[in-house]
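Report on the structure given below.
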Amino acid sequence: MSNPEEPHPHDGRARSAVIERGVAKTNRPVSSAVAAPGAATKRHEPSEPDRAHLREKLYEPRKQVHNKRIDGPFRRFKWFVMLVTLGIYYVTPWLRWDRGPYAPDQAVLVDVAHRRFYMFSIEIWPHEFYFVAGLLIMAGVGLFLVTSAVGRAWCGYACPQTVWTDLFQHIDRFVDGDRNARARLDAAPWRWSKVLRRAFKWTIYAAIGFVTGGAWILYFADAPTLFREFFAGEAAPVAYITVAILTLTTVTLGGFMREQVCIYMCPWPRIQSAMLDEKSLMVTYKDWRGEPRGSVKKARRDPEHFGDCIDCMQCVQVCPTGIDIREGPQIGCITCALCIDACDKVMAEVGRPRGLIDYATLEDCEREAKGETPRSPWRTLFRPRTIVYFLVWGGIGVALLFALGTRSRTELTVSPDRNPPYMLMSDGSVRNAFTLNLRNMQSRPRQMEIAVEGLRDATMWSSTVGRADAAPTQVVTVPADQTRSVRAYIAVPPGTPAQDFTFRITAQDEEGESDSVKTRLSAPEDAP
Ligand code: SF4
Ligand code: SF4
């Protein structure tokens, strides 16, 4: 059944699509390529009769993407980002940072056993988790900022799924050859040569997965020690289980599932689609310039009839998700810009201006299509929406830095005994007992003076200083990076009424940090 549609403004032909020998043929932009990444599409030639519309399918089997090697500025930028991100991931656990003899010397460490997070000179305690929450919020707002400014740049360059998929695709190329060789090998029957080649490739996959999982566990313990224990069979079972799981997931997601993760599993493309607007930069095919497509030969014969696209399919063949950007913005496009490199190369070869596929906003595309000059890319980056995101992002960052710079490394908590609230001593004085928790967040032991303020004639002794040595102040040593509990006993003369007073601790060092807690003295008049 043909479908009556408006003729296309460029060629006056009605649009239709058909499956022929397993290949979808169409002369109209189809969204089916979104559902079926890698689907081969061919034009429906004007000489062919109108075709019936494709029946909707609930399931479309995956077609393996064999993307072609390409070189160009965006590919080189991808190489750079890949080297930096993988380098940071694999090398960071091995970096050392001197924190003195009482703290680990690993620069970045999640010390689960002691409930600490170390990041160079920053040390986060569990009660300071708001710093981590703040960083996560910054990461979220940062993604909003990047998406509204330059579209899905995160997906195209820095997302771990993209980086590892890219790495595995290079392994494919290294072992099996470029696109055509890989497609031939895929279709070839299972002979020994293919079995050996596949075994070699999957061994490399497994090695990458193992190194990835192995690097992950090094963030949770002293890296050199854990490395030695792991290979000596002395590490905790959880280390082996974690490495096994991460090896499996890395190989499965990056080695085999690849673009399917981006298109079907990851929620981020859906969120991003909602965040993009007509002012966001996206990888765009300029159809007003490229259409109608036609080979160089045809264009030479009839230059007026054809656009700049020579239908060479290079943009499709280099695409890591196997889509055809000429069909418009799609969820499968991670904006890696490799198709820009490919098309620019083709345009240079056929002597036409670059930028048939380019980073552009929808608004600028409309302006360009009308023959107007597109706006400067800076105006795309600096607009109210991106500025608001930047201010929120920067505001959170400044607040975190301020909190980090001004936080005290000394803390005190006080718990008065409630049962009984006070005791009458043989000399008639009243004694109250308290549990003081003195926290020393410095990586060295510190002497701290405990003082009672606002309580006349009070004396204090503790679990380590007997009543004979009772005094208004006591000095205790708090070990490095620890909280020390002290039982403090306060005695006041007979007749002292119940009242509020303050415990203050002061570090006996050049920093002299202090903290205080207001509490209450219980006395006989409080008794029921
Ligand atoms: S269409 Fe272009 S930008 Fe989008 S994923 Fe494919 S190669 Fe990358
Ligand atoms: S690479 Fe450029 S010229 Fe070739 S098919 Fe893609 S858009 Fe057309």
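Okay, here's what the table says:
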item	result
Diffusion constant of the range 69-219 at 37 °C, which comes from Stokes-Einstein with the Kirkwood Cα-pair radius and 0.692 mPa s, µm²/s	174
Cut-off under 5 Å, modelled amide H: who pairs with Ser462 long-range	Tyr489
Portion, in percent, of the accessible area of the chain that falls on carbon or sulfur, probe 1.4 Å	62
Unsatisfied cross-links (Cα-Cα over 30 Å) in the set Lys57/Lys194; Lys57/Lys279; Lys68/Lys286; Lys201/Lys286	Lys57/Lys194; Lys57/Lys279; Lys201/Lys286
Accessible area (Å², per residue) of the chain, counting only protein heavy atoms and a probe of 1.4 Å	53
When the convex hull of its Cα atoms is projected in every direction, mean area for the range 360-459 (nm²)	13.7
Calculated log₁₀ intensity ratio I(q)/I(0) where the Debye formula runs over C-alpha points of the range 430-484, q = 0.16, 0.21, 0.29, 0.32 Å⁻¹	-0.53, -0.83, -1.22, -1.34
Estimated D of the range 76-119 in µm² per second, where Rh is the Kirkwood radius over Cα pairs and Stokes-Einstein applies at 4 °C, 1.567 mPa s	108
The range 248-264 and the range 462-507: distance between their alpha carbon centers, rounded to Å	60
Space enclosed by the convex hull of the alpha-carbon atoms of the range 195-324, per residue, Å³	194
Length added when fully stretched, Ile88-Arg198, from 0.36 nm per residue minus Cα-Cα	36.6 nm
Cα pair distances in the chain, grouped into 20 Å bins until the bin that holds the longest one, percent each	16, 36, 24, 15, 7, 1
Calculated P(r) tail over 13 Å for the range 272-323, as whole % of Cα pairs	67
Cα radius of gyration and Dmax for the range 166-243 (Å)	17.2, 48
Ratio of the Cα radius of gyration of the range 69-150 to 2.2 N^0.38 Å, where N counts its residues	1.47
Contact order normalised by residue count of the range 448-528, Cα under 8 Å, 6+ apart, percent	34
Cut-off 15 Å, label 7 Å out along Cα→Cβ of Leu424, residues of the range 488-523 by amide N	492-498, 523
Protection-proxy order for peptides 150-161, 346-357, each taking the mean of Cβ atoms within 10 Å per residue, highest first	150-161, 346-357
Net length gained if the chain between Val296 and Arg76 were fully extended (0.36 nm per residue, minus Cα distance)	76.3 nm
Rel. contact order, % - alpha carbon contacts under 8 angstrom, at least six apart, the range 386-514	29
Debye intensity ratio I(q)/I(0), log10, the range 280-436, q values 0.12, 0.18, 0.20 Å⁻¹ (C-alpha model)	-0.71, -1.10, -1.24
Rough spin-label spacing in nm, given labels placed 7 Å along Cα→Cβ, for Glu372 and Glu278	1.0
Nearest 10 degrees, 0 to 90: helix 237-250 Cα axis against the chain principal axis	20
In Hz, Karplus ³J(HN,Hα) per residue of the range 313-324 (6.51, -1.76, 1.60; θ = phi - 60°; x = Gly, Pro)	6, 4, 5, 6, 5, 8, 5, x, 9, x, 9, 10
Potential extension, Phe129-Ser415 segment - 0.36 nm per residue separation minus Cα distance	100.7 nm
Per-residue HN-Hα couplings for the range 159-168 [Karplus 6.51, -1.76, 1.60; θ = phi - 60°; Hz; x = Gly/Pro]	4, x, 4, 5, 5, 6, 4, 4, 4, 5
For the chain, cysteines whose Cβ has no other cysteine Cβ within reach (under 4.7 Å)	Cys155, Cys159, Cys262, Cys266, Cys309, Cys312, Cys319, Cys333, Cys336, Cys343, Cys365
The range 241-296 shape via C-alpha gyration tensor axes, a/c threshold 1.5	oblate
Cleavage-rule hits (chymotrypsin sites (Phe, Trp or Tyr not before Pro)) in the range 159-206: DSSP loop, at most 14 neighbouring Cβ within 10 angstrom	Trp190
Long-range amide H partners of Val318 with built H, under 5 Å	Lys68
Distance in nm between pseudo-label sites at Ala187 and Tyr102 (7 Å out along the Cβ direction from Cα)	7.1
Surface accessible to a 1.4 Å probe, Asp176 within the full protein complex, Å²	20
The range 383-528, Rg to Rh (Cα coordinates; Rh as Kirkwood inverse mean 1/r)	1.18
Contact order relative to length of the chain, as percent, for alpha carbon pairs under 8 angstrom and 6 or more apart	13
The range 223-312: GluC sites (Glu not before Pro) in DSSP loop, at most 11 other beta carbons within 10 Å	Glu234, Glu278, Glu304
In sequence order, calculated HN-Hα J values of the range 380-397 (Karplus, 6.51, -1.76, 1.60; Hz; x Gly/Pro)	6, 6, 9, 9, x, 5, 5, 5, 5, 4, 5, 5, 4, 4, x, x, 5, x
Bins of 10 Å from zero: percent of alpha-carbon pairs in the range 300-352	24, 48, 24, 5
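The values are calculated or read from the model by the stated rules, or taken from the named source; none is laboratory data. No experiment lies behind these values; they were computed from the predicted model shown. Note: ideal-geometry Cβ built from the backbone for every residue, glycine included; neighbour counts use all protein chains shown. Just the protein is used for accessible areas: all its heavy atoms, side chains included, with ligands, DNA and RNA removed. Shrake-Rupley method; radii C 1.70, N 1.55, O 1.52, S 1.80 Å.
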